[in-house]
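One structure is given here, and the rest of the page talks about it.
The values are calculated or read from the model by the stated rules, or taken from the named source; none is laboratory data. Since the structure is predicted, the reported quantities are computational estimates derived from the model, not experimental observations. Because the Cβ atoms are built from the backbone with ideal geometry, glycine has one as well, and the counts that use them run over all protein chains shown. Protein only, heavy atoms only, side chains kept; ligands, DNA and RNA dropped before computing areas. Shrake-Rupley method; radii C 1.70, N 1.55, O 1.52, S 1.80 Å.
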Amino acid sequence: MKLRTVSELLSEDIILPEVDIKGWVRTFRANRFIALNDGSSLNNIQCVVDFEKFDEALLKRITTGAAVHIKGELVESQGKGQKVEIKVNSIDILGDSDSETYPIQPKKHSFEFLREQAHLRTRTNTFSAVMRLRSTLSFAIHKYFNDNGFYYMHTPIITGSDAEGAGEMFRVTTLETKNAPKNDAGEVDYTKDFFGKETNLTVSGQLEAETYAMSLGKVYTFGPTFRAENSNTSRHLAEFWMIEPEVAFMDLAGNMDLAEDFLKSVIAYVLEHNLEDLEFLDKRLLDEEKTKPQAERSDMSLIEKLKFVTENNFKRVSYTEAIDILRHSKPNKKKKFKYIINEWGTDLQSEHERFLVEKHFKCPVILFDYPANIKAFYMRLNEDGKTVRAMDILFPGIGEIVGGAQREERLEVLKEKMAVLDISEEELWWYLDLRKYGTAVHSGFGLGFERLVMFATGMTNIRDVIPFPRTPQNAEF
């Protein structure tokens, strides 16, 4: 007999004389009703036990968290709330669960508590829904790029370069910290290290992806990246996943087209395939919003935000125009912004980005042509000499979700920018080679996967959208 899932059985409209299912007990009421879940659905299937036909010792082992194997008949439900239920013929206890110590009891738990139980938290409805959505989004991303002729590239996790120039990187070394060899200057001699040089965990696969784009045309990376930023906010992780497409012969306008189409596509995919989970998370978010002061509540529900992205064209606005709008806005004039906009060249904060999206334009926004001094060295310098062909995509609720640019393809201009920022030509000789041998216009963008999952699920803490969060002072599990 084929093993069935809860999701499959709940979608059945017919009576089945024999069903076979395995899962975990959510609750066992009145020695009669088992609520069984196997992770395939938010909903449990009710399994009805005739307790007079089963050994009392067996029934005592049916506790919350126990893994069980049930065989029986799928029948029309006698109670409310479900169309079908299982009339149990046999039960095997596959794994006992101590009801006194099992952490995930059938009651409301705080997210803080559940982070401490990250190995078990997906047995709750919220986290099972979040992680199913994470899985679907991941598949949708690969599907989009595959359908559009991109090649998937695995960029290195260990690197000798700092793509972002941030300097906040995790060092990779086999040298003993107490007895590390020293050079003549008294510094650690990394020529004696495993790789013969100083190496770190990567903050981005972009630079390596550019090399493949300049031979394969269209590539993307989707892998783990790391940043040693000592930040304990709800938006930062030390280990996170990045999606980074790079495309040869594509300018900034094409880059904006690609990013908009990509975001609309993957969000439409989860709306189509995970509506049950989204509706549950929508209700959870609505209940959470009710506890906030009116001024802090969102104007849109979760599903409305997702459709806001899929159903609206993204407004394209230059940084210069955006600064002008913000300088003359009511929140800025009345000093309602935490960070007041006074002059051109200021780096925008989340409050400014959300104002542009939610209040001013009322649609997703793409800002472009940023000041060169607040963007990375590899972005193409515009003819004005003070802005670069960068673009950020802004979404409701979170602000920036994508950052990208047309890359600087001119060798001498790139070398000049590197010199100003004291970036070693020797270290990035291979990156400069791309400008020596068959250089061409090319562009790409980066999207933090967890930030996308936060947007799609309505979760407000990034630690709740990754299976095992890595943050300062926390590398549990």
Solvent-accessible area per residue for segment 296-351 at a 1.4 Å probe radius, Å²? 63 Å²
Leaving out ligands, DNA and RNA, what percent of the accessible area of segment 424-477 is carbon and sulfur, probe 1.4 Å? 52 percent
Per-selection Rg to Rh, segment 1-76 - Cα, Kirkwood hydrodynamic radius: 0.94
For segment 70-168, what is the number of Lys pairs with C-alpha distance below 27 angstrom, counting only pairs 8 or more positions apart or on separate chains? 8
What is the distance in Å between the Cα centroid of segment 86-128 and that of segment 306-359? 44 Å
Of the accessible area of segment 1-94, computed with a 1.4 Å probe and all protein chains kept, carbon and sulfur make up a percent value of 48 percent
Derived scalar couplings ³J(HN,Hα) [segment 315-328; Karplus, 6.51 cos²θ - 1.76 cosθ + 1.60; whole Hz; x for Gly, Pro]: 7, 9, 9, 6, 4, 4, 5, 5, 4, 5, 4, 5, 4, 9
With everything on Cα atoms, drop me the angle between helix 252-273 and the longest principal axis of the chain, reported from 0 to 90° to the nearest 10. 0 degrees
Could you derive backbone 3J(HN,Hα) for segment 132-143 from the dihedral phi with the Karplus parameters 6.51, -1.76 and 1.60 (θ = phi - 60°), listing whole Hz in sequence and x where the residue is Gly or Pro? 5, 5, 4, 5, 5, 4, 4, 4, 4, 5, 4, 4
From the Cα centre of segment 166-223 to that of segment 400-433, the distance in Å is 17 Å
Sorted by packing (mean other beta-carbon atoms within 10 Å per residue), highest first, where do 115-125, 141-151 land? 115-125, 141-151
Give the span of segment 139-233's Cα atoms along each principal axis, as three whole-Å numbers ordered largest to smallest. 54, 37, 20
With Rh as the Kirkwood radius over Cα pairs, segment 279-359 has Rg/Rh of 1.04
Which residues qualify? For Tyr151, with a placed amide H closer than 5 Å and at least 5 residues away or on another chain, they are Lys218, Val219, Tyr220
Enumerate the amide H contacts of Gly223 below 5 Å, restricted to partners 5 or more residues apart or on another chain; note that Pro and chain-start residues carry no placed amide H. Met242
Summed side-chain charge close to Lys87 - residues other than Lys87 whose Cβ falls under 9 Å, Lys, Arg +1, Asp, Glu -1: -3
Straight-line reach from Lys436: which lysines have Cα under 23 Å away, leaving out those fewer than 8 places along the same chain? Lys218, Lys415, Lys417
Contact order relative to length for the chain, counting C-alpha pairs under 8 Å separated by 6 or more residues, stands in percent at 13 percent
Which whole-Hz couplings ³J(HN,Hα) result when phi for each residue of segment 452-463 is put into the Karplus expression 6.51 cos²θ - 1.76 cosθ + 1.60, θ = phi - 60°, listed in order with x for Gly and Pro? 5, 5, 4, 5, 6, 10, x, 6, 9, 10, 4, 5
Rounded to the angstrom and largest first, Cα extents along the principal axes for segment 356-477 equal 45, 43, 25
Solvent-accessible area per residue for segment 20-166 (1.4 angstrom probe, square angstrom): 51 Å²
Can you spot the lysines whose alpha carbon is less than 19 Å from Lys362's alpha carbon? Ignore those fewer than 8 places along the same chain. Lys264, Lys305, Lys307, Lys315, Lys330
In Å³ per residue, the alpha-carbon convex hull of segment 221-327 encloses 195 Å³
Looking only at aspartates and glutamates whose Cα falls under 19 Å of Lys336's and that sit 8 or more positions away or on another chain, we get Glu296, Asp299, Asp324, Asp347, Glu351, Glu353, Glu358
At Glu187 and Gln78, where each label point lies 7 Å from the Cα along Cα→Cβ, what is the point-to-point distance in nanometres? 7.9 nm
Over the chain, what number does the Rg to Rh ratio reach, with both radii from the alpha-carbon atoms and Rh per Kirkwood? 1.04
Considering just Cα atoms, how many Å³ per residue does the convex hull of segment 189-236 enclose? 122 Å³
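Let me know the Kirkwood hydrodynamic radius for segment 168-284, please, with Cα pairs as the basis and the value in Å to one decimal.
18.4 Å
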Taking a point 7 angstrom from the Cα of Lys87 along the C-beta vector, which residues in segment 4-27 have backbone N less than 11 Å away? 16-18
Portion, in percent, of the accessible area of segment 316-393 that falls on carbon or sulfur, probe 1.4 Å: 46 percent
If amide H atoms are built 1.01 Å from N in the plane of the peptide, which residues on other chains or at least 5 residues away come under 5 Å of the amide H of Ala238? Arg470, Thr471
